[in-house]
Every structure is written in C-alpha cells, then in structure tokens.
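The values are calculated or read from the model by the stated rules, or taken from the named source; none is laboratory data. In this text, all values refer to a predicted model and were calculated from it rather than measured experimentally. Methodologically, a virtual Cβ is constructed for each residue, glycine included, from the backbone with ideal geometry; neighbour enumeration extends over all protein chains shown.
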Amino acid sequence: MKSPTSRSSVSEPGRREFLAWLAIAPALAGCTVASRDDAPAAASDPAAPPPPSDGHDGREDEEDEEDEEDVAMTEEQWTSCSPTTRDAEGPYFEAGSPVRTSLRIAEASEPGVRLVVEGRLLGPDCRPLRGYAVDLWQADKDGNYFQASQTAFRLRGKVVSDSYGRYKFETVLPGRYGDAAGMRPAHLHAKVLTPQGNALLTTQLYFAGDPYLGQADYCTRSRYCNSADPKRALRLTDGLIGGVAVKRSRFDAFLSRA
Ligand SMILES: [Fe+2]
C-alpha cells in the first residue's frame, strides 16, 4: 500500500498499520465481510446528521450531458430491492465529518477528475429514506488519505437525503493504492446513517472496469473486502458542469431496515 505520508504532510496510518488492521479485521464488529449479505451494522456515529434538507445544493448543472439511460435504475434493481451489500470499513474512517455537498473542500486546489454521484436511499419495500445521510471518505487522486483534524475533513463529508430519498455530492475520482502485496481498486467508502446517526450500512463503491476488482483486489483476496459485487461498481458517464468536464454516476442504496 502506498504510504499516504509520502505525499502528505499529515500523519497517516501506513502499510504496517493497515496490515495490522487486516489482521484484526475479523474481530471488528460490523467491519468484516465474512458474511457478504447485508447484516445490520452495529456501529453508530455520534455525529447525527442535521434535520432533513434538500440533498441537491442548488448548484445546477449548466451544461449537463448526462445520459439518462446510463444512470437509470435497472429493472432488476426496482423489482428486487435487494439490499446493498456491505464491505470493510478500513482503517481511515473518522467520525464527525460535516454535512456538505462537495468533498472538494479545497475546490480548485483539489486535483483530480471531478466526479458527481447522485442516487437514492431506499429502505424496506423500496420506500425513500428522508433525512438519512451518506457519510463518505476517500483517498485523493493519488491514493492518499488525509487526517480529518489537520485538513478540515478533506475528502470527507456527509450528504443528506431529501424527501424523495435523493442525495447528491461532488468529489474527485479517487486513486488506487497498494504496495508489494497488491493493489486496491479505486473506491469510495460510505456509511448510511439514520437521522439519529446510527449506521445501517458500511460499504465501499467501486468503478466498473477497474482491473483490480474482485480477486485482483488484494484486500478481497484476504477476505476482508468485497469488491466483487457488480452492483457497487459505479458506471461513469461524461458530463459538463460550467464547461468543465466531469464524470457522473448514480448509485442507489437499498437498506434492509430503516
Ligand atoms: Fe480505502
């Protein structure tokens, strides 16, 4: 695994700590994927999201070339409402991130390809979940994580669903990281939280076509991650926001309980 400290001035868990985490991961409640179904997560976040608000921030796309067919829910998703599978939390989660619609807090200075993700949070029977939050954290374009307290939660934040269960956020495409042991596919970490801040699901979102998905993901080979589920592999389309090229995707999370 690439050492984040090699590219950042902040203190970060390194390869040794990550490998230590892999060793203890099976003992961490709610953090393993020994069972790859959507078993309830026991973890809770003391930082409850604020009251429901419009998950769309009003920064309307000025030029949106989104392909509606590519982002529409599939018939299979609608009919099955099959719960989104969980995935490992990993060592870099930090509670208490603020509600924001962009994880690019440094905006112009946050390098990387801009990414816009939107979707819905849906509970049992596919009912929209209003006022729920997606707590996100990720690596930057080079695969580095940043310590929240020293970077104002850089590339971390919560987005809150509106009355239709919709959420939307902007960020940058994360980079892969790895070391001699192997490479992890690019991914976004996510927890779905109730309005009271309880975590219902901890998972990771990947990107379709990444050659390191599945058994090529050394974390999956170690049986602590689950990057083989194609339903959590985001499909990217090209778009424009304010004349700037962006990648867009959609992800609908199905929760087996609300
Ligand atoms: Fe990660």
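Could you tell me whether G165 is surrounded by 19 or more Cβ atoms within 10 Å (Cβ to Cβ), modelled with pLDDT of 95 or more, on the phi > 0 side of the Ramachandran plot and within 12 Å of the ligand (Cβ to nearest atom)? It is false that G165 is surrounded by 19 or more Cβ atoms within 10 Å (Cβ to Cβ), modelled with pLDDT of 95 or more, on the phi > 0 side of the Ramachandran plot and within 12 Å of the ligand (Cβ to nearest atom). What number goes with the only condition from (1) surrounded by fewer than 17 Cβ atoms within 10 Å (Cβ to Cβ); (2) assigned to a loop (DSSP other than H, G, I, E, B) that Y92 does not pass? (1) is the only condition that Y92 fails. For residues in the stretch 135-162 being assigned to a strand (DSSP E or B) and either more than 16 Å from the ligand (Cβ to nearest atom) or of a type in the set (D, E) (or both), which is farthest from A88 (Cα to Cα)? Among them, the one singled out is V160. Given the condition free of Cβ contacts under 8 Å to residues at least 12 places away in the same chain and surrounded by fewer than 17 Cβ atoms within 10 Å (Cβ to Cβ), answer yes or no: does some residue in the stretch 180-193 qualify? Scanning the stretch 180-193, I find at least one residue that is free of Cβ contacts under 8 Å to residues at least 12 places away in the same chain and surrounded by fewer than 17 Cβ atoms within 10 Å (Cβ to Cβ), so the answer is yes. Scanning the stretch 177-225 for residues that are assigned to a helix (DSSP H, G or I) and within 15 Å of the ligand (Cβ to nearest atom) yields Y218, C219, T220. Test K168 against the criterion of being touching a strand residue (DSSP E or B) at 6+ places or on another chain (Cβ under 9 Å), closer than 23 Å to I241 by Cβ and part of a strand (DSSP E or B), and give yes or no. When the stated conditions are applied, K168 passes them. Can you work out which of the residues in the stretch 96-128 that are within 16 Å of the ligand (Cβ to nearest atom) and assigned to a loop (DSSP other than H, G, I, E, B) is surrounded by the fewest Cβ atoms within 10 Å (Cβ to Cβ)? Of everything passing the filter in the stretch 96-128, G112 is surrounded by the fewest Cβ atoms within 10 Å (Cβ to Cβ).
Checked against the criterion of being in contact with a Pro (Cβ under 7 Å, 6 or more places away or on another chain) and surrounded by fewer than 22 Cβ atoms within 10 Å (Cβ to Cβ), the candidates R176, R223 yield just one match: R176.
Residues that are assigned to a loop (DSSP other than H, G, I, E, B), among the small types (G, A, S) and surrounded by fewer than 22 Cβ atoms within 10 Å (Cβ to Cβ) within the stretch 226-258 comprise A228, G242, G243, S256, A258, listed in sequence order.
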